[in-house]
Amino acid sequence: MFRWCSFCNKYISEIEPYENYSISHGICTPCMKEISRGESFADQLISNNVRIKAFFDEVIRSVLNKDYTKTKGLVNRVEELQVDHNDMIIGLFQPLLYQIGSLWEHGVISISQEHVFTNIIQSAIDNLYIHNPQLTQYLNSSTPKVLLTCVNGNHHTIGIRILEFYLAMKRIPVLTVLPSIPNMEIISLIKEYKLKTIGLSISLPYHLSDVLTFYEQLNQNMDLQEKPGIIIGGFPVRRGLKLPAEIDATLCNDFKIFSDHVLTK
């Protein structure tokens with residue numbers, strides 16, 4: 001579940017059960033301090049609870065009913081909820097995509113419905129860069145701190161796009177290569193930019209074999225001291241995917257943990 005502060009409209013965190021992608025509410029630490037001083041937010045609490053969850057539910061219904069007019073202008077509509085752009089992509093766009101993916105996985109919606117909604121989110125992310133032109137300086141950087149790409153065979157790029165925006169908001173220079181490229185080209189980029197971290201996205205469990213192939217080629221073509229840290233994310237990781245012992249990598253589905261890792265390298 002994705003938890004929002006009922007008082008200030010800030011996204012707080014994801015909480016168990018992780019397979020539930022709905023919107024939940026709590027109280028963030030700064031607001032809790034205000035409450036402890038006797039501040040009253042009762043009216044605001046009711047308003048924020050209703051508006052964010054109603055928006056989420058309306059978007060899901062629009063995809064179920066194939067009424068995509070309700071999904072247009074997502075960025076402007078979320079801004080009307082007084083939600084900032086970082087919280088927008090993590091606390092709303094991300095769970096919406098997970099929920100739509102789950103509906104497809106269970107046969108509730110078609111592949112075309114899932115693809116249409118993915119394209120809508122892609123357009124919304126493009127729109128966010130129009131709203132935040134200063135962030136483009138951190139994209140396709142000539143001095144990147146991290147390389148983001150999909151493992152060979154993974155054609156789902158939206159998760160990487162969301163992570164890319166989040167890192168740009170954190171002022172972290174990124175090199176993003178989409179769609180996936182041959183493993184040796186990834187290794188060439190690692191050497192060229194002397195990268196300390198790469199983020200690999202997988203969307204299906206069988207992509208683990210592609211990760212293993214990449215890791216073997218990395219070991220064959222790079223010295224130990226040159227090798228970057230590998231962080232793997234994606235839907236199978238959320239579902240409890242385990243790495244075989246021969247792959248030395250980190251599984252991660254938390255953007256903050258990912259960015260913290262990059263900044264420490």
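Every residue, every condition in (1) closer than 23 Å to residue 12 by Cα; (2) not charged (D, E, K, R), yes or no:
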residue	(1), (2)
196	no, no
200	no, yes
211	no, yes
217	no, yes
228	no, yes
234	yes, yes
237	yes, yes
243	no, yes
250	no, yes
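Name the single residue, out of those in region 80-104 being small (Gly, Ala, Ser) and under 14 Å from residue 235 (Cβ atoms), that is surrounded by the most Cβ atoms within 10 Å (Cβ to Cβ).
Restricting to residues being small (Gly, Ala, Ser) and under 14 Å from residue 235 (Cβ atoms), the top hit is 101.
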Checked pairs for region 140-152, first over 7 Å from residue 174 (Cα atoms), second assigned to a loop (DSSP other than H, G, I, E, B), C-beta under 6 Å and 6 or more apart or across chains, list as 143/173; 150/180; 151/202; 152/180
Any residue at all in region 206-222 that's at pLDDT below 90 and loosely packed, with under 15 Cβ neighbours inside 10 Å?
no
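Mind checking which residues of region 98-108 are assigned to a loop (DSSP other than H, G, I, E, B) and in contact (Cβ under 8 Å) with a residue 12 or more places away in the chain?
Selection gives 108 alone.
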Flagged pairs (Cβ under 9 angstrom, 6 or more apart or on separate chains; first in region 122-136, at negative phi; second modelled with pLDDT of 95 or more and outside any helix (DSSP H, G or I)) are 129/139; 135/171
Do we find a residue being in contact with an Asp or Glu (Cβ under 6 Å, 6 or more places away or on another chain) and either within 24 Å of residue 257 (Cα to Cα) or surrounded by 14 or more Cβ atoms within 10 Å (Cβ to Cβ) (or both) anywhere in region 152-170?
yes
Could you say whether any residue in region 121-143 is closer than 25 Å to residue 61 by Cα, surrounded by fewer than 19 Cβ atoms within 10 Å (Cβ to Cβ), more than 13 Å from the chain's Cα centre (by Cα) and not acidic (Asp, Glu)?
yes
Step by step: first the residues of region 236-257, then only those that are β-branched (Val, Ile, Thr) and within 19 Å of the chain's Cα centre (by Cα), then the one that is nearest to residue 159 (Cα to Cα). Which residue is that?
237
All helices (runs of 4 or more DSSP H) inside region 109-207 with 3 or more residues being of a type in the set (S, T, N, Q):
111-131
Unmet criterion (only one of (1) under 22 Å from residue 206 (Cβ atoms); (2) small (Gly, Ala, Ser); (3) buried (at least 20 other Cβ atoms within 10 Å of the Cβ); (4) not assigned by TED's automatic domain parsing to the domain that holds residue 208) for residue 107:
(3)
Between residues in region 55-83 that are modelled with pLDDT of 85 or more and residues that are assigned to a helix (DSSP H, G or I) and loosely packed, with under 13 Cβ neighbours inside 10 Å, which pairs lie under 7 Å by C-beta distance while being six or more apart or on different chains?
75/131
Those residues that are polar (S, T, N, Q) and modelled with pLDDT of 85 or more, I need them from region 18-46; list them, please.
20, 22, 24, 29
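The values are calculated or read from the model by the stated rules, or taken from the named source; none is laboratory data. Bear in mind the structure is a predicted one, so any value in this text is a computation, not a measurement. Glycine gets a Cβ as well: all are built from the backbone with ideal geometry, and neighbour counts include every protein chain shown.
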